[in-house]
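Inspection log for the structure reproduced underneath, given as structure tokens.
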Amino acid sequence: MRTEEIAEKLINGEAPGKAELLELIRARTPEVSKRLASAADKKRREVYGDRVYIRGLIEFTNCCKNDCLYCGIRRSCRSAERYRLTEGEILSCCAEGHRLGFRTFVLQGGEDPYFTPERVSSLVRAIKAAHPDCAVTLSVGEHPREVYKLWREAGADRYLLRHETADKAHYERLHPASMRFENRMRCLYDLKDLGFQVGCGMMLGSPFQTPATLAEDLAFIRDFRPHMVGMGPFIPARDTPFAGERAGTLEETLFFISVVRLLLPGVLLPATTALGTIDPQGREKGLQAGANVLMPNLSPTAVREKYALYDNKLCTGEESAQCLACLEARVASAGFKIVTDRGDSKIQ
Ligand code: 5AD
Ligand code: FES
């Protein structure tokens, strides 16, 4: 089938098979990408209108026992200056965020053994008690099912765990041998089964990524039906094995945002910080290509620069939640409006 025909099929709501997805990825042209972006924008307006949901991101620890090869806060990255926020600091971030209009808090961190299952539970309970009208999202990596269950019972609503790549061999080239592809997948299925709204996702342009691994990603997303999909360009991080690799592109990221919007119309799609880092208008362009979520940083300014997953990460000025007014203006210029809402997914 020709690329244009596959694109039309996707636009008409017929999920293409893996071979067709591969063809679409491999043979896309700027015209096809443009057609997909406008169809994705239309679809997103049908489902979510012009609303953009905001999530207050709290990067509460950059200590991590893992050693993902791409990550600027991996265990062996000596230059990362480590920090942990206290429970009190985290709660004041939430209080400030609530005042600003945030109704979702995302607690993101490395896999930090200091934050035991019990500590995370009590944190979730404290946030839910202080802000019962808010959703709490955890993003703290791989854990046993029992631990996820404990956190769900503590009141956590959502969980972000990017699958990173749905191709086992590719996964093994991005991670140390101690991390298993099967465990990543087990985590995602457990989280869904426990009733979390689940976010998966991948970087675009990561080392060793190919059209074939990307077709696996899309087929996985199509079948797993996550509530959210986080996608941003890979950006090399200093002092990592991939420090000298090329970054992913704006064009490729926007293409995948549009395709995922069309594959799963009700999905929540963030225009990520990484997208804003590679292009000054990246997040606005992401919204116009089908994204509907922004995740401004609520972490205390003093630690923001230390959560350096990659180089030159946007972390000051307009990225900050305190500058919500600037963000509102940017979103308005792209043709959308920020709302104060939990912003639950429309995926059943
Ligand atoms: N470039 C872009 N994204 C990155 N992440 C980690 N390291 C990088 C990098 N160098 C992404 C991963 C992870 C998420 C929190 O950030 O996909 O899941
Ligand atoms: Fe753990 Fe990146 S390797 S957060």
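The values are calculated or read from the model by the stated rules, or taken from the named source; none is laboratory data. Values in this document were obtained by computation on a predicted structure and should not be read as measured data. Every residue, glycine among them, receives a Cβ derived from its backbone with ideal geometry; neighbour counts consider all protein chains shown. SASA here: full protein model, heavy atoms, side chains in, ligands and nucleic acids out. Shrake-Rupley method; radii C 1.70, N 1.55, O 1.52, S 1.80 Å.
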ARG119 versus LYS168: modelled label distance in nm, points set 7 Å from Cα along the beta carbon direction: 3.5
Kirkwood Rh (inverse of mean 1/r, distinct Cα pairs), the range 17-92, angstrom: 17.3
Sequence-separation-based contact order of the range 158-251, relative, with Cα cut under 8 Å and 6+ spacing, percent: 33
Listed residues LYS43, LYS168, LYS192, most fluctuating in the chain (Gaussian network, C-alpha, under 10 Å): LYS168
Carbon/sulfur fraction of accessible area - the range 48-197, other protein chains in place, 1.4 Å, %: 52
Percent accessible area from carbon and sulfur atoms, the range 235-330, protein chains only, probe 1.4 Å: 53
Cross-link reach list, lysines versus LYS306, counting only Cα pairs under 24 Å and skipping chain neighbours closer than eight places: LYS65
Loop-located GluC sites (Glu not before Pro) in the range 37-115, at most 13 other Cβ atoms within 10 Å (DSSP): GLU81
Helix 211-224 axis, angle to the chain major axis (alpha carbon atoms, nearest 10°): 70
Selected from PRO207, PRO280, PRO236 as most flexible by GNM, with the chain as the system and alpha-carbon contacts under 10 Å: PRO280
Gain in span if fully extended, SER333 to GLU251, counting 0.36 nm per residue against the direct Cα distance: 27.5 nm
Stretch gain in nm, segment GLU46-ASP193, where the contour uses 0.36 nm per residue and the Cα spacing is subtracted: 50.1 nm
Residue among ALA215, ALA129, ALA271 with the largest mean-square fluctuation in a Gaussian network model of the chain, springs linking Cα atoms under 10 Å: ALA129
Computed over the chain: relative contact order in percent, which uses C-alpha pairs under 8 Å that are six or more apart: 25
Nearby lysines by direct alpha-carbon distance to LYS42 (threshold 27 angstrom, same-chain neighbours under 8 apart not counted): LYS9, LYS18, LYS34, LYS285, LYS337, LYS346
Per residue solvent-accessible surface (Å²) - the chain, probe of 1.4 Å: 39
Inter-probe distance in nm under a simple model that places probes 7 Å from Cα toward Cβ, at GLU31 and ASN183: 4.9
Under the Karplus curve 6.51 cos²θ - 1.76 cosθ + 1.60, θ = phi - 60°, whole-Hz ³J(HN,Hα) for the range 126-141, x wherever Gly or Pro sits: 5, 5, 5, 5, 6, 9, x, 8, 10, 8, 10, 10, 9, 8, 10, x
Computed [θ] at 222 nm, helices only, for the chain once each DSSP H run of length n ≥ 4 contributes -39500 (n - 2.57): -13000 deg cm²/dmol
Cα long-axis angle, helix 87-100 against the chain (0 to 90 degrees, to the nearest 10): 50
